[in-house]
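Report on the structure given below.
Every number here is computed from the coordinates shown, using simple stated rules; none is lab data. Because the structure is a prediction, the values reported are computed rather than measured. Methodologically, a virtual Cβ is constructed for each residue, glycine included, from the backbone with ideal geometry; neighbour enumeration extends over all protein chains shown.
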Amino acid sequence: MKIAVPIWNDKISPVFDTASRLLIINTKNLSEIERFEIYLGEQDISKRCLLIHSLKVNVLICGAISRSFSMMLMSTGVKIISEISGLAEDVLQAYLHGSLSNSKYLMPGCKTNISEQLNDNL
């Protein structure tokens with residue numbers, strides 16, 4: 001499984017649509033086997049969507065994301081867990097260990113039920 005996380009200063013980027021760096025983690029049996037970063041640059045969302053699809057990303061964990069970008073990614077099979085904040089490493093470990101539903105990972109001011117997003121992504 002490949003997990004993508006937009007990063008900014010070692011944290012989850014607050015707005016995915018304008019993020020410039022994307023961390024890709026390849027996992028097997030919920031253990032990390034490879035990681036790399038890509039630079040997203042100034043690409044529009046359709047080009048970003050094509051790039052993410054070409055990387056065969058299964059799950060995107062992000063902060064805010066526009067509805068149009070979210071719909072484009074979901075139409076390619078990417079499962080999205082949005083409105084997440086915190087240090088990227090903490091968020092990744094929480095996801096891999098099944099504790100991402102803890103409200104401390106929810107963006108301030110958001111009332112999304114992370115558990116529902118995680119269940120939708122099973």
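Brief remarks follow.
- DSSP beta bridges in the chain [antiparallel fraction, %, rounded to 5]: 75 percent
- Cβ-based net charge around Val57, under 12 Å, with every Lys or Arg adding one and every Asp or Glu removing one: +4
- Extension gain for Ser75-Trp8 works out to 21.5 nm (0.36 nm per residue, less the C-alpha to C-alpha distance).
- In the chain, the calculated helix contribution to ellipticity at 222 nm averages -8000 deg cm²/dmol per residue, counting -39,500 (n - 2.57) for every DSSP H run with n ≥ 4.
- Cα-based shape type of the chain, given that a ≥ b ≥ c are square roots of the gyration tensor eigenvalues and the cut on a/c is 1.5: rounded
- Residue list for region 4-45, given a label point 7 angstrom along the Cα-to-Cβ vector of Asp90 and an amide N cut-off under 15 Å: 8-14
- Positive contributions from Lys and Arg (+1) and negative ones from Asp and Glu (-1), summed over other residues with Cβ under 14 Å from the Cβ of Asp10, come out at 0.
- Seen from Arg35, the other residues with C-beta closer than 11 Å to its C-beta sum to a net charge of -3, counting Lys and Arg as +1 and Asp and Glu as -1.
- Counting only Cβ charges, +1 for Lys and Arg and -1 for Asp and Glu, the dipole size of region 40-88 around its Cα centre is about 160 debye.
- Shown here for region 1-59: GluC sites (Glu not before Pro) in loop regions (DSSP other than H, G, I, E, B) with at most 14 other Cβ atoms within 10 Å, namely Glu42.
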